1. In angstroms, what radius of gyration and Dmax does the chain have, counting Cα atoms only?
2. Starting from one equal scatterer on each C-alpha and no solvent at all, send me the Debye-based log10 I(q)/I(0) for the stretch 3-232 at q = 0.07, 0.13, 0.14 Å⁻¹, two decimals.
3. Using the alpha-carbon centroid of each, what span in Å lies between the stretch 95-143 and the stretch 65-91?
4. Between Y206 and N161, what's the calculated FRET efficiency when r is the beta-carbon distance and R0 is 25 Å? Round to 0.05.
5. What's the long-distance tail for the stretch 1-131, i.e. % of Cα pairs beyond 19 Å?
6. Among V94, V394, T69, whose Cα lies farthest out toward the positive end of the dipole of the chain, if unit charges sit on the beta carbon of Lys, Arg (+1) and Asp, Glu (-1)?
7. Working from the pairwise distances between different alpha carbons, so that the mean of 1/r is found and then inverted, what is the stretch 384-424's Kirkwood radius in Å?
8. Which order do the peptides 544-551, 85-92 take when ranked by the mean count of other beta-carbon atoms within 10 Å per residue, highest first?
Amino acid sequence: MCGIVGYTGHKPAQEIVIESLKKLEYRGYDSSGIATYEDNIRICKKEGPIANMESVLSESTSTTAIAHTRWATHGVPSDANAHPHGHTDNSIAVVHNGTIDNYLSIRESLESEGYNFLSESDSEILPFLISKYYSGDLVEALNKALHEIQGIFTIAVIHENHPDEIVAVRNETPLVIGVGNSENFVASDIYAILKYTQQIIYPEDYQIVRVTAESVELFDAELKSIDYNVETVEKYTEVSEKGGFEHFMLKEIFEQPKALQDSLTELLVESPLERLGLNWKIGSISIVACGTSYHAGLVGKYVIEQLTAIPVSVSYSSEFRYAAPVQGVGGLLSSRPLVVLISQSGETADTLAAARAAKQQGCHTVAICNVPGSRITREVDGVIITKSGQEIGVAATKTFMTQMQALYALATHLAFNSGSLDHPQYKLWESEIRRIPSKITQVLNNCESIKKLVPHFTRAKSVFFVGRNINYPLALEGALKLKEISYIHAEGYPAGELKHGPLALLGEDTPVVAIAVQDHTYSKLMSNIEEMSARKAPILTVCQKGDQQVPKISDYHFELPEIDPVLSPFPVAVFLQLLSYYIAHDLGTDIDKPRNLAKSVTVE
Ligand code: AGP
């Protein structure tokens, strides 16, 4: 979603912030802009890629700049709605991530005072409001403005009277300060500035930051100066190349065996439960996440409930926050509920809000996250870091894979700890988890046969994905992948549920992808396939190697490598990712940056 970068130092700021802004492009945006200090504040902004803005940008000698990539929330993508927003007198420029809930009433009141708005954006109230309160100190002016606004935000401001100063603040959305050598940075995301510094400050909500080339100051709401820690973060391997692949998504699909391998050491450690603070008999688990991470959570429910006696509920983050309190809250400490939050980015606003709600209720919180140092990892009680490496494609692939792996590892640890797995059984599970990378490599090696299936889907009106038991979440994930990158309508369903309504939609132009592994639901699934076939829907099945029956009732089939059905979600996921990828490729969509979507969803 929106990205913010600011620089103040002794070098030409324009080049630095634009280069940093480009590091955030993968997150999705529709316009970009920059403000520099020339004789007064100069703003340049344009709809479309950063290159559009660069093409109209004049030279600059400014050593201070703020820049922004916008993902529209209030008002269409346009030059006027792009950030930074300024004052008509060119005294100030503001960039904003998030949303201002009460902007309409503030706008009306500012308009009645004579302020002239040029955009539809909620953010445009900020430069006017801050200017109105400005009397020589930018920190003070921003603080006064904060008393009026409600919402979630990261804000960065520059003012003509303070040419070497950036003032910034956050509430619920990310803000990091990068400390350099006679230069300092503000950013919404460490990726933007890691090239320049690994010394990072993480301000808390409503702490106002003032950075100059030589200083960083933090202030509380009373404007008292406060101490801060500077943390050294691990340098994240920067991903800028597709390594010979046509898209990042395809590269990331093929990186999955390595991602699983790299994550293993983190997951199969000594005493992992103590490390996560899980030192009591857990009575219930709630898993909370969005999108693909939610689907990983659903797989986790099946595996945890199969291996332990612990009941697991799975909720969308955006629903969890407003639902009834978690079961077990308020009971004895020994039954303290565990809430597992899954987010590859660690910055998803809904999941962060859910984490805070869980903590407020007294739950123990554990996050499964792919980005060390991200917001969620700093707010929860325990963290499992997956080691997928940076994921650039908006469609989550390798992070989904390692999230599932983390949940399998957690399930086996919980089962061993509670005695439902003995040591030999635990060791067996561990070795099965270790074999997953080689299993999915076999699917990757078979990608040519997946490509051949594409013509059966490109003209489809709609595609249904069905599965049962642990592969029901994979049906949901298959449908999500397809719709997100190919724009073909797709639905994921438990196979037994189609006859309760959706069967009415099936026909020759509505193919079905059925995941048919040989677990205890196999015979029922066969009947479901027959039902769908009788409605003339073309059936593609994903079945286990050596299955003699399913291919006979399918129009096409794909064989998984030999694998225990409980581990089948891993190779099934690879098959579904590749199928969606090749269909989207055939249709010529923008696979790495699908329309309307963002990699990191920082608004609720
Ligand atoms: C999936 O392909 C999407 N990119 C999306 O559903 C994503 O999984 C969701 O927005 C959650 O993101 P998170 O894991 O970073 O919290």
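1. 25.6, 80
2. Calculated log10 I(q)/I(0) at the listed q: -0.18, -0.66, -0.78.
3. 13 Å
4. 0.55
5. 45 percent
6. Positive-most Cα among the choices belongs to V394.
7. 11.7 Å
8. Final packing ranking: 85-92, 544-551.
The values are calculated or read from the model by the stated rules, or taken from the named source; none is laboratory data. Since this is a predicted model, take the numbers as computed values, not measurements. Positions of Cβ are backbone-derived with ideal geometry, glycine not excepted, and every protein chain shown enters the neighbour counts. Surface areas here come from the heavy atoms of the whole protein model, side chains and all, with no ligands, DNA or RNA. Shrake-Rupley method; radii C 1.70, N 1.55, O 1.52, S 1.80 Å.
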